[in-house]
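The values are calculated or read from the model by the stated rules, or taken from the named source; none is laboratory data. This one's a predicted model, so the numbers in the text were calculated from it and none came from an experiment. Positions of Cβ are backbone-derived with ideal geometry, glycine not excepted, and every protein chain shown enters the neighbour counts. Areas reflect the complete protein model, heavy atoms only, side chains present, ligands, DNA and RNA absent. Shrake-Rupley method; radii C 1.70, N 1.55, O 1.52, S 1.80 Å.
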Amino acid sequence: MKNFSCQPLISTYAALASLLVAISAMAGENSAQQFSAENTSEASTFSLSGEYVIEGTYVGNGDVQRGPHVLRDFDESDILLRFVLTPRIKLGVLRLGAEWERFSFGFPDRAPLPDTLQAVSLVLGLDTQLSDSILLRFQAQPGFYGTDHFESQDVNIPFVIGGTYIYSPDLQFVLGIGVDIDRKYPVLPGGGIRWKIARQWVLDAVLPNPRLEFLFNKDLTFYAGGTLREINFRVDDHFGTTRGIPRLNQAVLTYSEVRVGAGADWKVSSVITLSAEAGYQPYRDFDFYRTDVRYHQEGGAPYGTVSVHGEF
């Protein structure tokens, strides 16, 4: 499958996806319950509550191209681990945790693209309530964003400020801005809506995972939608030199992808949800945008994702 002709538009939407990772959860049907009178009272007792995600994705063989240079038939595997505690204080709900994400690609030795991209970061944030219908979140993820080993120049502190306006129990609006100094456009706005169309149908049109859900019963949900991702990483001091492109030494690489698929969420218990998803990845882009070196998708690939996640 050939590369999309609307690459700038896709890249912009992928960048918006990165800023809404932290605030999309606030658009849930029960958001207001997180900020009950008990949560925001004068008491500042810390209760043990939190959320977690364990997720793995495999993408089949695909191709990327830069002019006459093509990397063919490489696969991809992704791992995401996130654990966040959410103690309640006077101002609202703190978000204190950590996240590790790793992309591994089946590139040949000395390929002009790194075969590993990974990020290890803290999660530091606050959810608070401005009124009965307005919720606000600030979240920063200071950490290392690099390749197979980290160096001091890999440190970055992307953050988001966003919120949810609860128009009604069936309709919420999400707005926010995201800041990342390593991004081509450091400050970007974004938004989305969550709309319960009917008793069993929900349109969750919030990046980075817009989808249409069918609530089969209280424990099983089927959905169809997409995933838009964009993350910035920095390669090491000698990456470009060893590949005959010295200007890539310590360069920032923006990795973007779009996935379209369908899946199911099965709530096994009050704290465990299993998810499985399969579909197609029609867009992928590796962009050293500061050095004008970009490999774009030349051939798409199927993918599958499984995850365990929940709140406690």
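Computed quantities for the displayed model
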| quantity | calculated |
| --- | --- |
| Rg(Cα) / (2.2 N^0.38 Å) computed for segment 195-312, rounded to two decimals | 1.41 |
| HN-Hα J in Hz across segment 269-275 - Karplus 6.51, -1.76, 1.60, θ = phi - 60°, x for Gly and Pro | 8, 5, 10, 10, 10, 9, 10 |
| Neighbourhood net charge (9 Å Cβ-Cβ; Lys/Arg +1, Asp/Glu -1) for F105 | -3 |
| Contact order relative to length of segment 226-279, as percent, for alpha carbon pairs under 8 angstrom and 6 or more apart | 32 percent |
| Environment charge at G50 (Cβ cut-off 11 Å; Lys +1, Arg +1, Asp -1, Glu -1) | 0 |
| Alpha-carbon centroids, segment 240-274 and segment 184-235: separation in whole Å | 16 Å |
| Per-selection Rg to Rh, segment 259-312 - Cα, Kirkwood hydrodynamic radius | 1.22 |
| Reciprocal mean inverse distance between Cα atoms of segment 173-212 - Kirkwood radius, Å | 11.6 Å |
| J(HN,Hα) series, segment 140-146, from Karplus relation 6.51 cos²θ - 1.76 cosθ + 1.60, nearest Hz, glycine and proline x | 10, 10, x, x, 9, 10, x |
| In Hz, Karplus ³J(HN,Hα) per residue of segment 121-126 (6.51, -1.76, 1.60; θ = phi - 60°; x = Gly, Pro) | 9, 7, 10, 10, x, 8 |
| With every protein chain in place, segment 185-248: carbon and sulfur % of accessible area (1.4 Å) | 64 percent |
| Neighbourhood net charge (11 Å Cβ-Cβ; Lys/Arg +1, Asp/Glu -1) for D127 | +3 |
| Probe 1.4 Å, protein heavy atoms only - accessible area per residue of segment 188-256 in square angstrom | 46 Å² |
| Kirkwood-based Rg to Rh ratio, segment 136-222, C-alpha trace | 1.12 |
| Inter-probe distance in nm under a simple model that places probes 7 Å from Cα toward Cβ, at W266 and S104 | 2.6 nm |
| Under-5 Å amide H pairs with L253, H placed in peptide plane, nonlocal only | F233, R234, V235 |
